[in-house]
Amino acid sequence: MTSNEPQSESDLYEDAHVHQVYEQIASHFSSTRYKPWPIVERFLEALPDGSVGLDVGCGNGKYLTVNPNVFIVACDRSTNLVNIASQHRPHTSIVADNLNLPHPSSTFDFAISIAVIHHLSTPGRRIQAVTAILDSLRPSTKSESSGYRQDGGKALIYVWALEQKHSRRGWDEGDEQDVMVPWVLKQNTNAKCTEESKTFHRYYHLYCQGELEHNITAAGGLVLESGYEKDNWWAIAIRKPQWGHRV
Amino acid sequence: MKILTVNFLTCAVKACKSSPLSFPLHFQDAELEQSDIEYNAAFLRNILPRVDWEALKITANELGFTTVPIEKPDLTPTSTATDKNPVRLPINTSEPQATDEKTMRDLHTLLLETEVREGKMVCGNCGHEYKIKEGIANFLLPSHLV
């Protein structure tokens, strides 16, 4: 398929170790992903009615049902996951790459990208992914008194943390940050329902403390809030307002 | 692929985004399907302020819809409180007027219930075609355009 031809080394790598894996495990992966994470839920529920936003790397679309009063254009690299996500109405799910988003700039009230940018394999590409998300947001305006107003679009970004010594994986500070994480695919393969399993490996860059904020700043964003929740680092960011004019 | 969504899409090629020609994308060989989505007046009234009306008219026209009003209906979003205003205007009903009702129903049908099942969307700047198959649009770029 010519439209999927990867072109750089990083593209080839991510295609083999991220995109193709998700394409194959889509259905099983989706069946294990149904519970929204609390901070994402809170972010979406706090949005004003009629907000329009993006879910970049929507997976099976589990966040599309959280707030029925907003409209979300969701995208994922995996066609099989988009097929699952597209069942959630009234939203739309499309196949797109987070480094080349097909959305107008300076338009959206919000964006979420949950457990996505840790699949990009170089620092430059991770920052580029944040840049693409921020670019889609409505810019904030400056104000004389407080310096800037937080009236622009907001993004919530979540990444897997390196510091998770109490998790099943047990990684912690100082460990290797670029890892291959196994996914054991279980399928009922015959009429007797005996399970057959096959193991896939997905590439992850595990974020250390402060790294997500650094990526956001490098991408021209301003971190409003950030924190750690259950083995993940998260941050809420806006586009950094420029002095003197609307950005 | 909903018509409302088209209002929030452009070409994935970075160089095209600054060109007014890249928005909206233009339909070719579109096959439409009507789905049934529950009418939600509040949702529609709240979303309408976010719709680029000129772009919507172009899209609707390309798909053969002729019912889109020339001007965007002037609706106050239901979520906007008027507490700041000491003079309370008489509020007859929270529901839209009967004359609005048909316009709103038509917009619901166009924006939310009309799905493009098959076809192409074309960038007016670079000419790249994005395919829609079984209702899913694919914006992955070939290597020479990334």
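Inter-chain neighbour count for B:20-28: the average number of beta-carbon atoms from partner chains within 10 Å of each residue's beta-carbon is 1.
Residue by residue along B:105-118, Cβ atoms of other protein chains within 10 Å of the local Cβ number 1 on average. Bridges between two residues of the protein assembly as shown, per DSSP, are antiparallel at a rate of about 70%. Net charge of the neighbourhood of residue B:1, taken over other residues with C-beta under 14 Å away and scored Lys/Arg +1, Asp/Glu -1, is -2. Across chain A, C-alpha contacts under 8 Å between residues 6 or more apart give a mean separation that, scaled by the residue count, equals a relative contact order of 18 percent.
Computed from point charges on the beta carbon alone (+1 for Lys and Arg, -1 for Asp and Glu), the dipole magnitude for the protein assembly as shown about its Cα centre is near 440 Debye. Annotation: amide H of residue A:206 within the under-5 Å range of A:178, A:179, sequence separation 5 or more or interchain, hydrogens built in the peptide plane. Shielding by partners for peptide A:99-112, expressed as the average number of C-beta atoms from other protein chains within 10 Å of each residue's C-beta, is 5.
Exposed loop sites, defined as GluC sites (Glu not before Pro) outside DSSP H, G, I, E and B with at most 15 other Cβ atoms within 10 Å, are absent from the longest region of chain A, namely A:1-143.
Between residue A:169 and residue B:53, the FRET efficiency estimated from the beta carbon spacing at R0 = 56 angstrom works out to 0.65.
Per-residue ellipticity at 222 nm, computed for the protein assembly as shown from helices alone with -39500 (n - 2.57) per DSSP H run of at least four residues, works out to -6000 deg cm²/dmol. The relative contact order of the range A:44-105, computed from alpha carbon pairs under 8 Å that lie at least 6 residues apart in sequence, is 31 percent.
Taking A:160, A:234, A:37 as the candidate residues, the one with maximal mean-square fluctuation in a Gaussian network model of chain A, Cα springs under 10 Å, is A:37. Among beta bridges identified by DSSP and lying wholly in the range A:25-176, the antiparallel ones come to about 15 percent. Taking 27 Å as the limit for the C-alpha separation, the pairs B:2/B:102; A:186/B:120; A:240/B:2; B:17/B:102; A:62/B:133 exceed it in the case of A:186/B:120; A:240/B:2; B:17/B:102. In terms of the Cα gyration tensor, with a ≥ b ≥ c the square roots of its eigenvalues, is the range A:1-154 rounded because a/c is under 1.5, prolate because a/b exceeds b/c, or oblate? Because a/c hits 1.5 or more and a/b fails to exceed b/c, the range A:1-154 counts as oblate. Paramagnetic label reach from residue B:19 (point 7 Å along Cα→Cβ; backbone nitrogen cut-off under 19 Å): within the range B:122-146, residues B:122-131, B:139-146. Give a quick list of chymotrypsin sites (Phe, Trp or Tyr not before Pro) in the range A:20-112 that DSSP marks as loop, anything other than H, G, I, E or B, with at most 13 other Cβ atoms within 10 Å. Here the sparse-neighbourhood loop sites are A:34. In this simple spin-label approximation, residue B:33 and residue A:149 carry label points 7 Å from Cα along the Cα→Cβ vector, and these lie 4.4 nm apart.
Computed from Cα atoms, the angle from the helix A:20-31 axis to the main principal axis of chain A rounds to 90 degrees. Ranked for footprinting exposure by Cβ neighbours inside 10 Å, fewest first, A:127, A:216 give A:127, A:216. Largest GNM mean-square fluctuation across A:91, A:166, A:119, computed for chain A with C-alpha springs under 10 Å, falls on A:166. Of the residues B:104, A:180, B:121, the one with the fewest other Cβ atoms within 10 Å heads the list, and the complete ranking is A:180, B:104, B:121.
Computed from label points 7 Å out along Cα-Cβ, the spacing between residue A:23 and residue A:178 is 2.3 nm. Farthest towards the positive end of the charge dipole of chain A, among the residues A:226, A:110, A:46, is the Cα of A:46, using unit charges on the Cβ of Lys, Arg, Asp and Glu. Taking the Cα atoms only, what angle lies between the long axis of helix A:123-136 and the longest principal axis of chain A, rounded to 10 degrees? Once rounded, one gets 60 degrees.
Every read-out reported here was derived from the displayed coordinates using simple, explicitly stated rules and does not represent laboratory data. All values derive from a computational prediction rather than experimental measurement. Ideal geometry is used to build each Cβ from the backbone, glycine not excepted, and the neighbour counts take in all protein chains shown.
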